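The values are calculated or read from the model by the stated rules, or taken from the named source; none is laboratory data. Worth saying up front: this structure is predicted, and the values here are computed from it rather than measured. Here the Cβ positions follow ideal geometry from the backbone for every residue, glycine too, while neighbour counts run over all protein chains shown. The accessibility values were calculated without ligands, DNA or RNA, using every heavy atom of the protein model including side chains. Shrake-Rupley method; radii C 1.70, N 1.55, O 1.52, S 1.80 Å.
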Amino acid sequence: MSIKSNAFGRVELTGADAKKFRAQATYGRPKAAAKSGAALGSAMARELQSSGTVKVKLRATA
Amino acid sequence: MAARAAPQVEIRLIKPGDRLTGLSLGDQAYAPLKTFVQRHAHAYERQSLARTYGAFDTANNDKLLGYITLVCGEVVIQDGDNALVVEEGLAYHYCQYPAVKIARLAVDRRMREAGIGIALVNLALGIARNFICPNVGCRFVMVDAKRNSVAWYDRRGFTMLDTSENKDRGEPVMFVDLSKIG
């Protein structure tokens, strides 16, 4: 088994890691957070495309 | 202690002339993230090797508060049968699956609870889902998460490749399957 991954490129999986990834990608269920994040991000992406920027209101920090 | 007022930031592609200095990341382990944005991000942009989106404090001379860098990537499954994509009648005989990679993500340590990182990752998912996926084809968003960021990415909806070798890595591989998030 092996994982080779470069921050700026491919993820290469063999053996048990490849098998597990196949199983997770084939049978895994999406997380609610990914769905909601992508929905919010889609609106941001559209704003970015139309105006060139996305305005984000931040939370106050301590 | 009084709460720090929340600035309104603008997220956009970096452009020539942007000052990408001044990020305070706190830990020496994050030094490569600071070095990349200061010294290399503009060149990567010019050469179309990556796209870097900065979060800029517009009320403070466009000070950089965080950034995310995205690149084209792929997942290559080298061994065994190639049955990741299962669909009646589909013949996909390749071991490569197209992906977007989060190559870099950093937020100034003084702004870490403000939601900048969440906004940047959401934007990455939105770009992949809305523009790359429909126009080019892209199955996954991948990241090599720093170990102390694994729980954070999990809360963003990323899935850990669930093997002991991956969990033992300094930067475990995590992913979102774009085909399943609608």
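The Rg/Rh ratio for the stretch B:42-161 is 1.03, where Rg is the radius of gyration of the alpha carbons and Rh is the Kirkwood radius. Between helix A:15-27 and chain A, what is the angle of the helix's C-alpha long axis to the longest principal axis, kept within 0 to 90° and rounded to the nearest 10? The angle comes out near 50 degrees. Once both labels are positioned 7 Å from their Cα atoms along Cα-to-Cβ, the gap between B:His93 and B:Arg155 label points is 4.7 nm.
Here the accessible area of chain B is 49 percent carbon and sulfur, with a 1.4 angstrom probe and all protein chains present.
The residues of the stretch B:133-157 occluded by other protein chains by 10 Å² or more of accessible area, set against the chain on its own, are B:Phe140, B:Met142, B:Asp144, B:Asp154, B:Arg155, B:Arg156, B:Gly157; surface from heavy atoms, 1.4 Å probe. In the context of the full set of protein chains, the protein assembly as shown has a per residue accessible area of 49 Å² (1.4 Å probe).
Dipole check for chain A: with +1 at the C-beta of Lys and Arg, -1 at the C-beta of Asp and Glu, and the Cα centre as origin, the magnitude is about 200 Debye.
With 0.36 nm allotted per residue and the present C-alpha distance subtracted, the B:Arg110-B:Ala43 stretch has 21.4 nm of extension available. Computed 3J(HN,Hα) for the stretch B:57-68, one whole-Hz value per residue from the Karplus formula 6.51 cos²θ - 1.76 cosθ + 1.60 where θ = phi - 60°, is 7, 5, 8, 9, 6, 6, 5, 6, 10, x, 7, 9, glycine and proline marked x.
Helix B:116-127: angle to the longest alpha-carbon principal axis of chain B, degrees 0 to 90, nearest 10? Tilt of helix B:116-127: around 40 degrees. Taken across both chains, chains A and B shield about 5300 Å² of accessible surface from a 1.4 Å probe. Across the cross-link table entries A:Lys4/A:Lys55; A:Lys31/B:Lys15; A:Lys20/B:Lys101, which are compared at the Cα atoms, the separations over 26 Å belong to A:Lys4/A:Lys55; A:Lys31/B:Lys15.
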